[in-house]
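Everything on this sheet refers to the single structure shown next.
The values are calculated or read from the model by the stated rules, or taken from the named source; none is laboratory data. Source: prediction; values computed, not measured. Please note that ligands, DNA and RNA were not included when accessible areas were found on the heavy atoms of the full protein model with its side chains. Shrake-Rupley method; radii C 1.70, N 1.55, O 1.52, S 1.80 Å.
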Amino acid sequence: MDPWLIWLIVAAVLAVVEIFTLTAALGMLSAAALVTAGSAAVGLPLPFQFLVFTVVATVTLLFVRPIALRHVLQPQAARFGVDALVGRTAHVVSEVTGTGGRVLIDGEEWTARAYDETLVIPAGRTVDVMEISGATAIVYPRD
């Protein structure tokens, strides 16, 4: 079997294992094996193939992997769906208690409950959305 084909198989196996581990390290080694497969295809002797693999693997692990991980582990910039409603202001449409009520959030009417079950929030008050539980906004009155 040709050396370039062996390096190509090694690259494919490392890439598949990377998909299951998501560490980015095996992906970098897969890239190094792919570059080495190219160098083997042009006829580089075996000792130099190992040197190419070592150099490319070292460079990718030390320089490329930290950049890739920084981008992957970046916090989500925007909240979507009901998560985007948390922290918004709402207006009480009908009295909100610990068991029920209605509020208007961004023009949409939602069922609501008071964050503090002992509170009674009259209609017309402004509240903050503390969380969303199913289709119910949990709210707390503004001072």
### Task
Show Phe48, Phe53 ordered by accessible area, largest first, where the area counts protein heavy atoms only and the probe is 1.4 Å.
Phe48, Phe53
## Note on the structure
The Cα extents of region 68-143 along the principal axes, largest first and rounded to whole Å, are 51, 25, 25
### Message
Can you list residues from other chains, or at least 5 along the same chain, whose modelled amide H is less than 5 Å from the amide H of Arg88?
### Response
Val129
#### Entry: Read-out Rg and Dmax of the Cα atoms in Å, derived from the coordinates shown; its label in (1) 28.6, 83; (2) 14.6, 46; (3) 13.3, 39
(1)
### Probe 1.4 Å, protein heavy atoms only - accessible area per residue of region 1-123 in square angstrom
65 Å²
### Task
Could you go through region 77-82 in sequence order and give the Karplus-derived ³J(HN,Hα) for each residue, using 6.51 cos²θ - 1.76 cosθ + 1.60 with θ = phi - 60°, rounded to whole Hz, and x for Gly and Pro?
6, 10, 8, 10, x, 5
#### Entry: Integer Hz, Karplus 6.51/-1.76/1.60 couplings in order for region 58-71, x for Gly and Pro
5, 5, 5, 5, 7, 10, 7, 4, x, 5, 5, 5, 4, 6
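Below 8 Å between Cα atoms, with a sequence gap of 6+, how large is the relative contact order for region 1-77 in percent? Write down the numbers at each step before the final one.
Numbers: 72 pairs, mean separation 23.7, N = 77.
Relative contact order, region 1-77: 31 percent.
How much of the accessible area of the chain, probe 1.4 Å, is carbon plus sulfur, in whole percent? Before the final figure, lay out each step's value.
Values: 5990 of 9050 Å².
Accessible surface attributable to carbon and sulfur in the chain totals 66 percent.
Run the helix sum for the chain: -39,500 (n - 2.57) per DSSP H stretch of 4+ residues, divided by residue count, reported at 222 nm to the nearest 500 deg cm²/dmol. Spell out each step's value before the answer.
Working: 4 runs with 58 residues, N = 143.
Computed mean residue ellipticity for the chain: -13000 deg cm²/dmol.
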### Query
Near the amide H of Gly101, under 5 Å away, which other amide H atoms are found, from residues 5 or more places off or on another chain, if H is placed in the peptide plane?
Ala112
### Query
Ranked by accessible surface with a 1.4 Å probe, highest first, in what order do Trp4, Trp110 come?
Trp4, Trp110
## Note on the structure
Contact order relative to length for the chain, counting C-alpha pairs under 8 Å separated by 6 or more residues, stands in percent at 15 percent
